Every structure is written in structure tokens, then in C-alpha cells.
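The values are calculated or read from the model by the stated rules, or taken from the named source; none is laboratory data. These figures come from a predicted structure and were not determined experimentally. Backbone-built Cβ (ideal geometry, glycine too); neighbour counts: all protein chains shown. Heavy atoms of the whole protein, side chains included, go into the accessibility calculation; ligands, DNA and RNA do not. Shrake-Rupley method; radii C 1.70, N 1.55, O 1.52, S 1.80 Å.
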Amino acid sequence: MKRDLIIYHGSQQIIETPKFGIGKKYNDYGQGFYCTENIELAKEWACPIKNDGYSNKYIMHFDGLNVMYLTKGEFNILHWLAILLAHRKFDITSPVGNNAREFILSRFMPDTTDIDVMIGYRADDSYFSFAEDFVNNTISLRDLNLAMQLGTLGEQVVLLSKRSFKQIEFVEYEIADYREYYYKRTKRDQNARATYANKRKNLQQLMDDIFVLDIIREDMNHDNPRLQSVISK
């Protein structure tokens, strides 16, 4: 991680001083300040409704902070999913869903006790539905892994601790015109769903796909060779 990083927060407000302890507790990684390195994506986040929003620009100073990367190193898509399950409300629609939730949380939930900043995928509408489908045993692990790479979603940088909020510095803001970015946001979601649907039809034909029920039945953990062979592709 670079010592300093330019990040952006899309909002309906100008936020010069982000405050710790404010925000929804049921966001992807819990209560925190959600940012991205992509200014265009921040402008989309700023326009969830047909009103102009703001892309707030900051310098993030990472010296002395504990940063968890959910997309590389020792972590994989199931660790990301476990954190999502711990915070977001999932629509469990299959008999296996509740067991899958408990299994993933018990086997793949990382220790986030001393983490200041978390970096990983953002579960926008379409991407969250992919995660729900996997937990409900509707799609395979390969499908889920592929889905998170669609639509150039990028990664989010989330400030979680009091310490991290002391190390973010406001630079400026830009107006996000809803006439452009509201529709870009909608189109991104639609494109992701369409691309995913086409890819999924081909992937379902592969005999070595792993579903969440397989993971439970075979009592898989992070080091399982079969699991790793799918995640690494």
C-alpha cells in the first residue's frame, strides 16, 4: 500500500470532515466511510436519485494503519462473502441457505478486530444479488468469482477505525451531474447482469463447478485444493 492515496467519496453532500461512527451499520463492511480510487465511480455513487451529487476528493495517509486487502494475499472471495454476510441482510430463499450462511461465517470470517481500513469488492445491487444466489446454492463458486470481475466495478476503500478518520485529508469536490451519472450507474448494473447471465450459461456446463452445498458436504476450508483450483482461475 502506498503511504498516501487519492480517494473519492460520492455523496449527495459535500463532506469536508468525515466523522467516525456515522453511517449505516449494515453496509458491506459495516459502519464506515466508503471511498474509491475511481472518480467516475464516485460520481455514480453520488447520484442514486435524480439529483446532482458530489465527488469528494481526499488524500488518505496510511502510515501506521492496519489495512486488510480482501482481493489478494491470504484472502479470497469467500472471506469477502463472510464479511458481507456478517453485515448485510441476505434474502435466504433455499433450504441450504441458512446452513450455508453459518458455515461460511464459521470457516471464512477473518479477524477484523484491529483493522483500520478494509479494501475489497463493493456489493452494488447486481453484485449483491450474485452473492445471494451463491448462498442459496443457485450459482457456483466459479460463477460468483467471475461475477465480481464484471462491469469494471473496482474496489472500495473503507475507513473503519477512529485512527483512520484522523488520517484523511479533504482536498476538493466536484459536482456530479445526475443527467450523466444517474444513468451511467443504472447502465453499469444492467450491463453486469446481462454479461453475467451470458457467461453463467456456459459455466454451468462445466463438471467441476463447486456449489455452496459441496463446500458444506465436503467440509472445505481455505486450503482445500479443489476450492483453490476454482478461486485461482
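A few points about this structure:
- Selection from the range 70-118 of residues that are hydrophobic (A, V, I, L, M, F, W, C), farther than 24 Å from residue 164 by Cβ and not in a helix (DSSP H, G or I): 90, 92, 96
- Scanning the range 97-134 for residues that are hydroxyl-bearing (Ser, Thr, Tyr) and out of contact with any Ser or Thr (no Cβ under 9 Å at 6 or more places or on another chain) yields 106, 112, 113, 126, 127, 129.
- Residue check, residue 189 at pLDDT below 85, surrounded by 15 or more Cβ atoms within 10 Å (Cβ to Cβ) and either of a type in the set (A, V, I, L, M, F, W, C) or part of a helix (DSSP H, G or I) (or both): yes
- Residues being more than 23 Å from residue 221 (Cα to Cα) and among the basic types (Lys, Arg) - total across the range 97-127: 1
- For residue 133, the conditions (1) under 15 Å from residue 211 (Cα atoms); (2) surrounded by 20 or more Cβ atoms within 10 Å (Cβ to Cβ); (3) in contact (Cβ under 8 Å) with a residue 40 or more places away in the chain all hold with the exception of (3).
- When 51, 76 are checked against the criterion of being buried (at least 16 other Cβ atoms within 10 Å of the Cβ) and either touching a residue at least 60 places away in the same chain (Cβ under 8 Å) or under 27 Å from residue 142 (Cα atoms) (or both), 76 stands alone in meeting it.
- Here the range 201-232 is the region considered, the condition is being modelled with pLDDT under 70 and over 20 Å from the mean Cα position of the chain (by Cα), and the residue that is least open to solvent (accessible area, probe 1.4 Å) is 203.
- Residue in the range 149-165 that is at pLDDT below 95, within 19 Å of residue 231 (Cα to Cα) and open to solvent by less than 10 Å² (accessible area, probe 1.4 Å) present: yes
Every residue, every condition in (1) polar (S, T, N, Q); (2) over 17 Å from residue 124 (Cα atoms); (3) outside any loop (DSSP other than H, G, I, E, B), yes or no:
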site: 13; (1), (2), (3): yes, yes, no
site: 17; (1), (2), (3): yes, yes, no
site: 20; (1), (2), (3): no, yes, no
site: 26; (1), (2), (3): no, no, no
site: 35; (1), (2), (3): no, no, yes
site: 44; (1), (2), (3): no, no, yes
site: 50; (1), (2), (3): no, yes, no
site: 54; (1), (2), (3): no, yes, yes
site: 57; (1), (2), (3): no, yes, yes
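- Residue check, residue 69 within 27 Å of residue 141 (Cα to Cα), touching a residue at least 24 places away in the same chain (Cβ under 8 Å) and either open to solvent by less than 40 Å² (accessible area, probe 1.4 Å) or among the β-branched types (Val, Ile, Thr) (or both): no
- Which listed residue is in contact (Cβ under 8 Å) with a residue 24 or more places away in the chain, open to solvent by 20 Å² or more (accessible area, probe 1.4 Å) and over 20 Å from the mean Cα position of the chain (by Cα), from 57, 89, 25: 57
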